[in-house]
Every structure is written in C-alpha cells, then in structure tokens.
Amino acid sequence: QWTCLPDQNDVIQARKAYDLQSDWLYKSDMEWIRGCGWMPNGSLDVKKVQKAQEILSERLYRQRPDTLKFTSIVDLPSIVQAKINADQLSNSKYKEVWEKDKLQIHIQPDTPEILLAKSNAENISQKLYKEGWERVKKSTNYHADAVSIQNAKACRNIASDYKYKEVYRKLLGHHIGCRDIYDDPKMVWCMHVGKMQSDMEYKKNFEKSKTKFNIPVDMLDILLAKKCQTLVSDIDYRQHLHKWTCLPDQ
C-alpha cells in the first residue's frame, strides 16, 4: 500500500494530460457562448471586402471636374488651337461669306447656262408636249359617219357582253312544244357534251370489263406453269412400282 500525494510531479503531469484529452473541457469554451448573437460588421473579412470595393470603385476612382478648383488660362497654346479648330470646322463660318454674297449677286438672264436650262425645261415639259394636241382637239369636229368612229363603234359592239347575249335573251321562252328533251337539239347537244365530260361515262366500259379476264389455255406461261407443277408434284414423284398381295399362309 502506498499513498500518492496530490502535489507530486507525476500526479500534476497526469492531471494536465487528462485535461488535454478531455472532450468536456475542449467544448467548455463553446458552451458559455452558445446562444449569443454575433454581428460580423467589424470583422476582419468584412473590412477587407470594404477596402477592396473602395479600391475597385469607378465612382471613387474618377474625380468629377466640378470638385476641382482651378482657373484656366485663356492664352494657352492648347486653348488657342482648339478655338482655331472649332472655327475651321464650323458650318456657319464656312457659309457665312456665301450667305452675304448670294443676296448681292445678280445673274444676267442671257447667260448660256440660263438659256440652256430654259431650253431643257421646255423639252421635258409635259404641258408644252401636249399643248398642240389640246389645241387641235378643241378645234376638230368629227362626223358621225367617219371611218374611225364607225370602226370604234363596231369594236365596242363586238366587245359588249350585252350585244353578245342579246340574241339569247330574245330566244328565251320561245322553245315551246317539245315533248321531251330529245326533241330539242340544244338539249341533246348538252347531254352529249355532258357524257363526253363525265368521268363515270368515261370509265363505264372499264368497270364492266375489269373483272373479265380471259387467258388462252395454250399460252406459253400456262404451259410452263403446268410443267413446273408436274416437276414439283409429290404425287407424281412417288409412284408405286407394282401392286402385290401377301397371302396369310405364305
């Protein structure tokens, strides 16, 4: 029997080893903080992200001109050159002299260019082109028996649908007294045309004869088929050589 003092070196060392291996002591720090809320606003990762956003921000990178306090010198070479370029590219400056001169220049009416323009306008004028015809049209009197007038009337009558059907309209109702449609030649003709155009009449003879098919007995294909049937026939292939009877007392 021996007694281990609590202040011995090996006891203290063992106690420390047990504490290091203890799962309860390992999780004791977490037990007291469990259930407490935590805001990551001031954490290191949040600060790093905010700093990176400030570095990559286009708004903070570019400084607005109105925030800069400066005074531009008027007679700088760049300012003078910009003014000269603006004057050279200005459309109003480019046409300023012409706008003043065009109100003071007077062109003579007998210059070759003006005369040529007037001649071209007369050549392409539709009014001058038809002026002679309009004048002749008003002063010309056509007779009713002129050849051209009679020809125009004849062409109009030929092309008129009313004139084309006038005789037919007069004959309507005058065909009275026919006993049947065969007495009327027009009705007979219509029936004949209808039969010619009828698809049923066109196929009537074919429908009657399509089920009637006559093949000659001595046709070459029929003879060949019979010969082949004879060759492949099992009845003709198996022939008994003779018939004999076996007596019971042999």
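Set the bar at 30 Å for Cα to Cα. Now go through Lys203/Lys227; Lys47/Lys69; Lys163/Lys186; Lys127/Lys163 and name every pair that lies beyond it.
Cα-Cα > 30 Å for Lys203/Lys227; Lys47/Lys69; Lys127/Lys163; rest within.
How large is the helix-only mean residue ellipticity at 222 nm for the chain, computed as the sum of -39500 (n - 2.57) over DSSP H runs with n ≥ 4, divided by its residue count, in deg cm²/dmol to the nearest 500? Display every interim value, and only then the final one.
Details: 19 runs with 151 residues, N = 250.
Result for the chain, helices only: -16000 deg cm²/dmol.
Can you give the FRET efficiency for Ser233 and Glu207, using 1/(1 + (r/R0)^6), R0 = 51 Å, r = Cβ-Cβ distance, to the nearest 0.05? Before the final figure, lay out the partial values.
Numbers: r = 39 Å, r/R0 = 0.76.
Given R0 = 51 Å and the Cβ-Cβ separation, E is 0.85.
Quote to one decimal, in nm, the extra length available between Arg179 and Cys246 on full extension: 0.36 nm per residue of separation minus the C-alpha distance between them. Show your work: numbers first, answer last.
Working: separation 67, 0.36 × 67 = 24.12 nm, distance 9.27 nm.
Fully extending the segment from Arg179 to Cys246 adds 14.9 nm.
State the extension gain, in nm to one decimal, for the chain segment bounded by Leu223 and Lys69, taking 0.36 nm per residue of separation less the distance between their alpha-carbons. Could you put the intermediate results ahead of the total?
Numbers: separation 154, 0.36 × 154 = 55.44 nm, distance 12.24 nm.
Gain on stretching Leu223 to Lys69: 43.2 nm.
Pull out the extension gain between Ser119 and Gln53, defined as 0.36 nm times the separation in residues minus the alpha carbon to alpha carbon distance; nm, one decimal. Write down the numbers at each step before the final one.
On the way: separation 66, 0.36 × 66 = 23.76 nm, distance 7.79 nm.
Stretched fully, the Ser119-Gln53 segment lengthens by 16.0 nm.
Given a Förster distance of 35 Å, report the FRET efficiency between Gln126 and Ala154 from their Cβ-Cβ distance, rounded to the nearest 0.05.
Numbers: r = 33 Å, r/R0 = 0.95.
That pair, Gln126 with Ala154, gives E of 0.55.
When the chain is treated as a GNM, springs tying every alpha-carbon pair under 10 Å, which of Thr230, Thr111, Thr140 comes out with the largest mean-square fluctuation?
Thr230
Once both labels are modelled 7 Å past Cα along the beta-carbon direction, what's the Met30-Asp7 spacing in nm?
3.8 nm
I'd like the distance between the alpha-carbon centres of segment 58-103 and segment 9-51, rounded to an integer number of Å.
After rounding, the separation between the Cα centres reads 69 Å.
With log10 I(q)/I(0) by the Debye sum over Cα atoms at q = 0.07, 0.10, 0.11 Å⁻¹ defined as stated, name the option among [x] -0.31, -0.62, -0.74; [y] -0.24, -0.48, -0.58; [z] -0.87, -1.17, -1.21 computed from the structure displayed.
Matching the structure shown: [z].
None of the figures in this text is laboratory data; all of them are computed from the coordinates on show. No experiment lies behind these values; they were computed from the predicted model shown. Quick reminder, even Gly has a Cβ in these numbers, built from the backbone with ideal geometry, and neighbours come from all protein chains shown.
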